[in-house]
Amino acid sequence: MKNWRGIKVAAFVSCVLGIGGAFLVEVAVRASGITSTVIYDTDKEIGYIPKGDQDGKFSNKAEWHVNSRNMSCSQEWFPNGEKDLLLVGDSIVWGGNPIDQSEKLGDLLQGDFPSWKIWPISAGSWSVENPQIWMDRNPDILGEVDALIWIVNSGDLYTATQWESELTHPRSMPMWRSWYAYKRYVYPRIFPKKKSPLKQLTSDKPILPEVAERWGRRIEKIDKPTLVVFYPNRSELGERSNYEKFVSVSKRFLPNNAKVFELAGIDGWNESCYRDEIHPSVSGYRKLEELISERIRLNGIAE
């Protein structure tokens, strides 16, 4: 009987310690800010889009903002710049968790053109079709902007990317942030060979000419000066066959109101500008903004 009581006491103490430990981990994760990430709205048409009117600070360092019109900037939509410029893209424009708002492409361009208003619309892994759906839903914005800059890479000539995972594009933050942090950041490192939605974000997608054709017709219909920036993945700086195919297919359908800027081969843009296979580092974003700004100053947007 005494042994049985001892076992029950030990089990109770272990349970209390386990719960207490889990609680402390949860508190630590929340305090660290690693789950301060954007929340998404989803539907079958647009796939997913940053939910409007939110902000945060990832890891208590990198601030991020989304205004009420789903744009990744702190200023609310109010078209009153000398020029109002719509900056369109995927994760290259979005920036990602580690990049502070001030170091994102939109804010850097805003700093270089203070009399303009830069309005970024983007989400990680979007194709060229996702933002077109947003444009259909926000015709007033499209009518007010003076010009567009569209950042595209070889994975973007694909149908609208659909929502797949709470890990990559959460629709709400789970009650247990520690479990989310484990699945998002720890599990992929422990089991790198396991299938993960994080890996699917960088998987190769086919280049679809029919998507490029629809995209070109859309730019023509918008009828605003447009600068298309063909952004290479890091590996495409060496072996360029896929990049060149993507550029060639795109240019076949781009209208006269679009000018192109092929980033691969430009002096100053090299492998040191990347933090991974796709995304620029902080210094890479500064170089990207510098090159785009130079292009605008030399040639305009699409004049």
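The values are calculated or read from the model by the stated rules, or taken from the named source; none is laboratory data. Quick caveat: nothing in here was measured; it's all calculated off a predicted structure. Counting neighbours? That spans all protein chains shown, and the Cβs are built from the backbone with ideal geometry, glycine included.
Some notes on this structure:
- Residue within the stretch 69-80 that is in contact (Cβ under 8 Å) with a residue 12 or more places away in the chain and in a helix (DSSP H, G or I) present: no
- Residues that are at pLDDT 95 or above, surrounded by fewer than 19 Cβ atoms within 10 Å (Cβ to Cβ) and not small (Gly, Ala, Ser) occur in the stretch 46-53; there is at least one.
- The listed residue being out of contact with any strand residue (DSSP E or B) (no Cβ under 8 Å at 6 or more places or on another chain) and without any contact (Cβ under 8 Å) to a residue 40 or more places away in the chain, out of Glu262, Glu271, Glu277: Glu271
- Among the residues of the stretch 80-91, just one is within 23 Å of Lys61 (Cα to Cα) and crowded, with 23+ Cβ neighbours inside 10 Å, namely Asp90.
- Members of the stretch 95-114 that are outside any loop (DSSP other than H, G, I, E, B), crowded, with 17+ Cβ neighbours inside 10 Å and touching a residue at least 40 places away in the same chain (Cβ under 8 Å): Glu103, Leu105, Leu108, Leu109
- Of all the listed residues (Ile219, Ile207), the sole one being surrounded by 15 or more Cβ atoms within 10 Å (Cβ to Cβ), at pLDDT 70 or above and under 22 Å from Arg69 (Cα atoms) is Ile219.
- Residue selected from the stretch 184-204 under the condition crowded, with 17+ Cβ neighbours inside 10 Å and out of contact with any Ser or Thr (no Cβ under 6 Å at 6 or more places or on another chain), by the criterion modelled with the highest pLDDT: Arg184
- Screening Glu129 against (1) surrounded by fewer than 18 Cβ atoms within 10 Å (Cβ to Cβ); (2) in contact (Cβ under 8 Å) with a residue 24 or more places away in the chain leaves a single unmet condition, (1).
- Residue in the stretch 141-164 that is surrounded by fewer than 20 Cβ atoms within 10 Å (Cβ to Cβ), in contact with a helix residue (DSSP H, G or I) (Cβ under 7 Å, 6 or more places away or on another chain) and farther than 30 Å from Pro255 by Cα present: yes
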